Amino acid sequence: MSATKGIKFEGRFFWAYDVAAGGFLKHLIDEAEASEHSQEPWLSKAVSSWRVQAAITEVGLTLDEEWSGTQRQIFIRLAEGACKKLATRESIPADEVASWPLVDELRIFPRSRTEILTAPVIELDHAIIALVSGNLPRSPRRKAWFYGTPVGRSTIRMTGGDWETVCSANHPLRRR
């Protein structure tokens with residue numbers, strides 16, 4: 001099972017630590033369900049998709065490129081709300097993360113962590129907002145951004161056109 005999850009929107013792509021992505025999506029879902037837009041079909045469809053994407057590591061997060069400008073702005077406001085909620089805590093105990101109901105009996109797997117620091121999740125949240133806003137900086141040549149790690153943003157070397165990842169054995173998520 002990989003610890004990475006691809007995040008994609010309008011042909012742009014980066015990697016995220018799967019636990020951080022799950023934490024972001026859980027808080028995004030909470031914001032969406034509490035919003036005045038919760039019954040709108042596009043958002044209901046997105047929430048259903050986000051639940052699966054949060055719970056299943058191998059399913060990347062592909063944001064809908066067909067959203068209207070208004071829908072993108074709603075998404076950004078929801079993501080900003082998720083960020084504000086995350087910012088009220090320094091960390092979230094792994095037991096709490098594993099208890100969040102997402103899809104049937106599926107939950108976020110916190111790996112070997114005893115807690116999930118919120119700062120990396122917030123950094124990932126900001127990167128997703130920048131991606132949807134068109135403001136995410138280009139990654140260095142032949143590399144992809146990697147967000148949500150306990151050490152902050154880093155890069156993963158990319159080879160060829162097939163997005164094969166070559167992650168250093170020294171990366172903190174690969175040392176197990």
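The values are calculated or read from the model by the stated rules, or taken from the named source; none is laboratory data. Everything numeric here is computed off the predicted structure, so don't read it as measured data. As a convention, Cβ positions derive from the backbone with ideal geometry for all residues, glycine included, and neighbour counts pool all protein chains shown.
I'd like the residue in region 122-146 that is part of a loop (DSSP other than H, G, I, E, B) and among the small types (Gly, Ala, Ser) and, out of all such residues, is surrounded by the most Cβ atoms within 10 Å (Cβ to Cβ).
Within region 122-146, the subset part of a loop (DSSP other than H, G, I, E, B) is 134-142.
Within this subset, residues satisfying the condition of being among the small types (Gly, Ala, Ser) are 134, 139.
On the way: Gly134: 10, Ser139: 18.
By that ranking, first place goes to Ser139.
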Check: Which number in (1) under 19 Å from Glu10 (Cα atoms); (2) in a helix (DSSP H, G or I) marks the one condition that Trp67 misses?
Finding: (2)
Check: For Arg111, which of the numbered conditions (1) touching a helix residue (DSSP H, G or I) at 6+ places or on another chain (Cβ under 7 Å); (2) within 20 Å of Lys8 (Cβ to Cβ); (3) not in a helix (DSSP H, G or I) fails to hold?
Finding: (2)
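Output the number of residues of region 1-31 satisfying the condition of being within 22 Å of Ser91 (Cα to Cα) and not β-branched (Val, Ile, Thr).
17
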Notebook entry, point to check: Tell me, which residue of region 147-176 that is at pLDDT 50 or above and assigned to a strand (DSSP E or B) is farthest from the chain's Cα centre (by Cα)?
Noted result: Thr159
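Answer yes or no: is there a residue in region 13-21 that is in a loop (DSSP other than H, G, I, E, B), in contact with a helix residue (DSSP H, G or I) (Cβ under 6 Å, 6 or more places away or on another chain), in contact (Cβ under 8 Å) with a residue 24 or more places away in the chain and over 13 Å from Ile74 (Cβ atoms). Spell out how you get there, then give the answer.
Step one: of region 13-21, the residues in a loop (DSSP other than H, G, I, E, B) are none.
Looking for residues that are in a loop (DSSP other than H, G, I, E, B), in contact with a helix residue (DSSP H, G or I) (Cβ under 6 Å, 6 or more places away or on another chain), in contact (Cβ under 8 Å) with a residue 24 or more places away in the chain and over 13 Å from Ile74 (Cβ atoms), one finds none in region 13-21, hence no.
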